[in-house]
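Data block below; observations after.
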Amino acid sequence: MEHILAAIDDATSFANQVTCEALEHDKLHCYALVHSIQIIGEAAYKLTHEFRDNHPEVEWNDIIGMRHILVHDYYRVDISLLWNIVHEELPLLRTQVCEYLQGME
C-alpha cells in the first residue's frame, strides 16, 4: 500500500509540472508518469486476492489492467487518458489507500 501511495504522489507531482499538451512532447515527464502508474498497477497486483476482494470499492482489475497496457501495449498509450487518470482517479485512490493504511496501524 505504501508503494501505491508513493507512486500516486509521484504521478501527481510529475503531472503537475506540465500541461497535458506539453506532456505529449515531453518524454521525460511522460515516461516518469507512465512508470508511476505502472508501479501502482504492479503494487495492486501484489496485494492479496483476499484484500482486493474485501475492498471492491476500488477497481483493482482496471488498475492492474492499465499496468499491463502500459508495459505490453505501450504503443497504445493515450496521454490524455493518463492525464485524466492522474487528475480524476488517483485523488480518490489516494484517499482510499490512506484509509487502508490507517486501518492497518
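Here, each number is a calculation from the coordinates, and none is a lab measurement. Just so you know, these numbers come straight off a predicted model, no measurement behind them. Using ideal geometry, Cβ is built from the backbone for each residue, glycine included, and neighbour counts are taken over all protein chains shown.
Going by alpha carbons, how many degrees (0 to 90, nearest 10) lie between the helix axis of 60-72 and the longest principal axis of the chain? Approximately 40 degrees, to the nearest 10. Summary value for the range 2-104: 35 percent relative contact order, contacts being C-alpha pairs under 8 angstrom separated by 6+ residues.
Can you tell me how the range 21-61 classifies by the Cα gyration tensor, rounded, prolate or oblate, using a/c under 1.5 as the rounded cut? It is prolate, given that a/c is not under 1.5 and a/b is the larger ratio.
In terms of the mean number of neighbouring beta-carbon atoms within 10 Å, the peptides 83-92, 33-42, 48-57 order highest first as 33-42, 83-92, 48-57. Loop-located trypsin sites (Lys or Arg not before Pro) in the range 62-104 (DSSP state other than H, G, I, E, B) with a sparse environment of at most 11 neighbouring Cβ atoms within 10 Å are absent.
Let a ≥ b ≥ c be the square roots of the eigenvalues of the Cα gyration tensor of the range 2-104; is it rounded (a/c under 1.5), or, if not, prolate (a/b larger than b/c) or oblate? Prolate. Relative to the longest principal axis of the Cα atoms of the chain, helix 90-104 runs at roughly 30 degrees.
Around TYR31, with a cut-off of 14 angstrom between Cβ atoms, what is the net charge of the other residues, counting Lys and Arg +1 and Asp and Glu -1? Around TYR31, the surrounding residues sum to -2.
Axis angle, to the nearest 10 degrees, between helix 2-16 and the longest C-alpha principal axis of the chain: 30 degrees. Taking every DSSP helix (H) stretch of at least 4 residues in the chain, weighting each as -39,500 (n - 2.57) and dividing the sum by the residue count yields a mean residue ellipticity at 222 nm of -23000 deg cm²/dmol.
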